[in-house]
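Sharing a structure, written as structure tokens. Questions coming.
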Amino acid sequence: ENAVVKAERAMEIDRSDNHEVVSVLNNVKNVAKARTRGNELFSSGRYSEASVAYGGGLKLDAFNSVLYCNRAACWFKLGMWEQSVDDCNQALRIQPSYIKALLRRAASYGKLGRWEEAVTDYEVLRKELPGDSEVAESLERAKTALWSKPEETKYLGFNDEVEEVSSLDKFKTVTSLPGISVFYFKSSSNRQSEVISPFVNTLCLRYPLVHFFKVDVEESMALAKAESIKKVPTFKIYKEGEKLKELVCPSHKLLEDSVSHFLL
């Protein structure tokens, strides 16, 4: 938007029929349109289409760090971590102090299990954002993962699958994990569970620092009884052993709003 204003002012100053200025103004406007369109698509969850829109803007302006960062966010949502890192790298080459791009790259490194690089980025972010508790928590998790065996990193908040829980002992263990944990009580024979399951998988990718677990109440009847599950799908949100909220048959919006609320 600022670039459009500046280009329009340049035209006002140069009132001659300057085709070069007109061309620049049109190009800037088209880049802004691509960004706006990409943002609209991203907001509606159409990440693949949004990536194409941002890419269209980059064809017109190959040095637009915001478009690279926004497209990286699309790749991240789609689980394409390598592409996300690549676009974050491009954004940071153009704008080395771009905090949002650094955050996205660090999270992408975590998804890829590239812990040393994730730690490096989070350490920079910790200095830039000293009061950000999520950055501090992410740094500690990345450090722990860096020095852990591969099988020990699965509960560090960077998992991209909804983990199955089938025993009461395991349930008690994972409810006490650091950070936010979401438990999805479902039934394979329940229509509402079938409908919402793909969205739960999407949330797992969308919120990499949240632990997502699922419990099939037909296969784990003792656990379902212990948790007083009367109807499915039911969701319980925990933080370090404390139950924060319970949702019975929530809408997609209510479920996501509840998850994001407790991350603040």
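Provide a single number: the residues in the range 37-74 that are of a type in the set (Phe, Trp, Tyr) and either touching a residue at least 40 places away in the same chain (Cβ under 8 Å) or within 15 Å of Leu102 (Cα to Cα) (or both).
So the count comes out to 1.
To continue, here is another question. Taking Trp115 as meeting all but one of (1) crowded, with 16+ Cβ neighbours inside 10 Å; (2) more than 13 Å from the chain's Cα centre (by Cα); (3) at pLDDT 95 or above, write down the number of the exception.
(3)
Now for a separate question. All but one of (1) modelled with pLDDT of 95 or more; (2) over 22 Å from Val31 (Cβ atoms) hold for Lys59, so report the exception by its number.
The one condition Lys59 does not meet is (2).
Still on this structure, please answer the following. Could you please give the count of residues in the range 177-207 that are closer than 21 Å to Gly79 by Cβ and basic (Lys, Arg)?
1
A further question on this structure: Just checking, how many residues over the range 130-162 are in contact with a Lys or Arg (Cβ under 8 Å, 6 or more places away or on another chain), modelled with pLDDT of 85 or more and under 20 Å from Cys204 (Cβ atoms)?
Here the count works out to 1.
Residues that are surrounded by fewer than 18 Cβ atoms within 10 Å (Cβ to Cβ) and out of contact with any strand residue (DSSP E or B) (no Cβ under 9 Å at 6 or more places or on another chain): does the range 63-70 have at least one?
Yes, the range 63-70 contains at least one residue that is surrounded by fewer than 18 Cβ atoms within 10 Å (Cβ to Cβ) and out of contact with any strand residue (DSSP E or B) (no Cβ under 9 Å at 6 or more places or on another chain).
Here's something else I'd like to know. Yes or no: Ala101 crowded, with 17+ Cβ neighbours inside 10 Å, at pLDDT below 95, assigned by TED's automatic domain parsing to the domain that holds Asp132 and part of a helix (DSSP H, G or I)?
No, not satisfied.
Residues that are assigned to a helix (DSSP H, G or I) and either under 19 Å from the mean Cα position of the chain (by Cα) or loosely packed, with under 15 Cβ neighbours inside 10 Å (or both): does the range 234-242 have at least one?
no
With polar (S, T, N, Q) and under 29 Å from Ser48 (Cβ atoms) as the only criterion, which of Ser260, Ser228 stands out?
Only one candidate passes the filter, namely Ser260.
In the set Arg71, Arg46, Arg37, which member is modelled with pLDDT of 95 or more, under 24 Å from the mean Cα position of the chain (by Cα) and over 17 Å from Ala91 (Cα atoms)?
Arg37
Here's something else I'd like to know. Which of the numbered conditions does Lys245 fail, given that it passes all the others? Conditions: (1) part of a loop (DSSP other than H, G, I, E, B); (2) more than 24 Å from Ser189 (Cα to Cα); (3) modelled with pLDDT of 95 or more.
(1)
The values are calculated or read from the model by the stated rules, or taken from the named source; none is laboratory data. All values reported here derive from a predicted model rather than from experimental measurement. Cβ: placed from backbone, ideal geometry, glycine included. Neighbour counts: every protein chain shown.
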